[in-house]
1. Determine the sum of side-chain charges near Phe27: Lys and Arg each +1, Asp and Glu each -1, restricted to other residues whose C-beta is under 13 angstrom from that of Phe27.
2. Mind running the shape call on the range 9-135? Use the C-alpha gyration tensor, a ≥ b ≥ c as the square roots of the eigenvalues: rounded below 1.5 for a/c, prolate if a/b tops b/c, oblate otherwise.
3. I need the phi-derived Karplus couplings for the range 36-41: 6.51 cos²θ - 1.76 cosθ + 1.60, θ = phi - 60°, integer Hz, Gly and Pro marked x.
4. Could you state the number of Å between the C-alpha centres of the range 71-127 and the range 20-44?
5. Please determine, in degrees from 0 to 90 and to the nearest 10, the orientation of helix 121-135 with respect to the longest principal axis defined by the Cα atoms of the chain, where the helix direction is its Cα long axis.
6. Around Asn78, what is the net charge, scoring Lys/Arg as +1 and Asp/Glu as -1 over all other residues with Cβ under 11 Å from its Cβ?
7. For Gly51, list long-range residues whose amide hydrogen, built 1.01 Å from N in the peptide plane, is under 5 Å from its own amide hydrogen.
8. Taking neighbour Cβ counts within 10 Å as the exposure measure, how do Asp54, Asp70 sort from fewest upward?
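Every number here is computed from the coordinates shown, using simple stated rules; none is lab data. Keep in mind that this is a model prediction, so the values were computed, not measured. A quick note on method: Cβ atoms are made from the backbone with ideal geometry, for glycine too, and the neighbour counts reach across all protein chains shown.
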Amino acid sequence: MGRTYTNLTVHAIFSTKYRRKIILPSFKSELYKYIGGIIRNKKGVLLEIGGIQDHVHLLAGFPPTIAVSDMLRFIKSNSSGWVNELSDNQLTEEFAWQPGFGAFSVSYSQQTPVGNYIRNQEEHHKKSEAFKRNFWKF
């Protein structure tokens, strides 16, 4: 084989520091675009991104030249800096990601279902919260 071919697709999840609900609607969309730009800058591709106020899921193809941990550290450090530099981010505290992350390899056949799961995070968490509220009533 004369050329190198890789398909390194990762489902990554990382949370705000102390799981604070500080990913606000006022900048969420732009934050997601910024994260996509970071990934493209490192020769990766963002396939899907979603989350709620305290965490982000992404499905991305990473290049073989950078370790997953290095890529996620770069994404987290640059995106938190970007949020803190926003003049109108409406936060009363510094934006930060908590240390660590979850990262899972995703086969080509599972990219669509994982992408759908990520895309529907808000709905997924609404159902989870409703279940928890109803469960504890008994």
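1. Details: positive: Lys28, Lys33; negative: Glu30, Glu85, Asp88.
In short, -1.
2. Details: a/c = 1.83, a/b = 1.07, b/c = 1.71.
Note, shape of the range 9-135 comes out oblate.
3. Values per residue, Gly and Pro as x: x, x, 4, 5, 4, 4 Hz.
4. 7 Å
5. It is inclined by approximately 40 degrees.
6. Working: positive: Lys42, Arg73, Lys76; negative: Glu85.
Surrounding charge for Asn78 is +2.
7. Answer set, sorted by chain and number: His57, Gln121, Glu122.
8. Details: Asp54 16, Asp70 12.
By the 10 Å Cβ count, ascending, the order reads Asp70, Asp54.
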